Amino acid sequence: MTKIESTIREIAYPQQTVYAMLSDLSNIEKVKDRIPADKVNDLTFDADSISVNTQMGAVRLSVVEREAPKTIKFETQESPVPFNFWIQLLPVTEATSKMKLTISADLNPFIAGMVKKPLQEGIERIADALQAIKYE
């Protein structure tokens, strides 16, 4: 199993506020203008799933577990590389929280060597975007 983790990011909003927004994927509507149009196409989503066409192919993720207010777990329904993805949130103070993103994929060593760097870069870009959201 290959595990890729983002750096831990501090978010200037309370854990519950961040969780409430991220656990309902229909909230993507509020931030989709921040998603680089050259990286993704045909973005569709509802409260429990998100689909997008990327440079590597179609990806569809569904929420498989929510543990309020600390974890949201996703699993691929369609993807060139099947993987699980989760968001972990922890309180820092009453007004701030921290976040870490993790991807876990069952990759053979050859494929892992080819995709690990792009996946690491991708998870950091996702973390950047999630950190920049105004959770109000």
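Of the strands (runs of 3 or more DSSP E) lying entirely inside the stretch 1-100, those containing at least 1 residues that are without any contact (Cβ under 8 Å) to a residue 40 or more places away in the chain, out of contact with any Asp or Glu (no Cβ under 8 Å at 6 or more places or on another chain) and under 21 Å from L119 (Cβ atoms) span 40-45, 49-54, 57-67, 71-78, 83-91.
When S104 is tested against (1) open to solvent by less than 80 Å² (accessible area, probe 1.4 Å); (2) of a type in the set (S, T, N, Q); (3) free of Cβ contacts under 8 Å to residues at least 40 places away in the same chain, only condition (3) is not met. Applying the criterion of being among the aliphatic types (A, V, I, L, M) and part of a strand (DSSP E or B) to the residues of the stretch 101-136, the residue that is farthest from V63 (Cα to Cα) is A105.
Residues checked against (1) modelled with pLDDT of 95 or more; (2) more than 22 Å from Q120 (Cα to Cα); (3) open to solvent by less than 80 Å² (accessible area, probe 1.4 Å):
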position	(1), (2), (3)
N27	no, yes, yes
D33	no, yes, no
D42	no, yes, no
G57	no, no, yes
P82	no, no, no
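Does the stretch 96-117 include one or more residues that are touching a Pro at 6+ places or on another chain (Cβ under 6 Å) and farther than 12 Å from T2 by Cα? Steps first, answer last, please.
Step one: of the stretch 96-117, the residues touching a Pro at 6+ places or on another chain (Cβ under 6 Å) are 97.
Narrowing the set further to residues that are farther than 12 Å from T2 by Cα leaves 97.
Yes - at least one qualifying residue is present in the stretch 96-117.
The values are calculated or read from the model by the stated rules, or taken from the named source; none is laboratory data. What you see is a predicted model; the values in this text were computed from it and never measured. Counting neighbours? That spans all protein chains shown, and the Cβs are built from the backbone with ideal geometry, glycine included. These area figures cover heavy atoms from the full protein model, side chains too; ligands, DNA and RNA do not enter into them. Shrake-Rupley method; radii C 1.70, N 1.55, O 1.52, S 1.80 Å.
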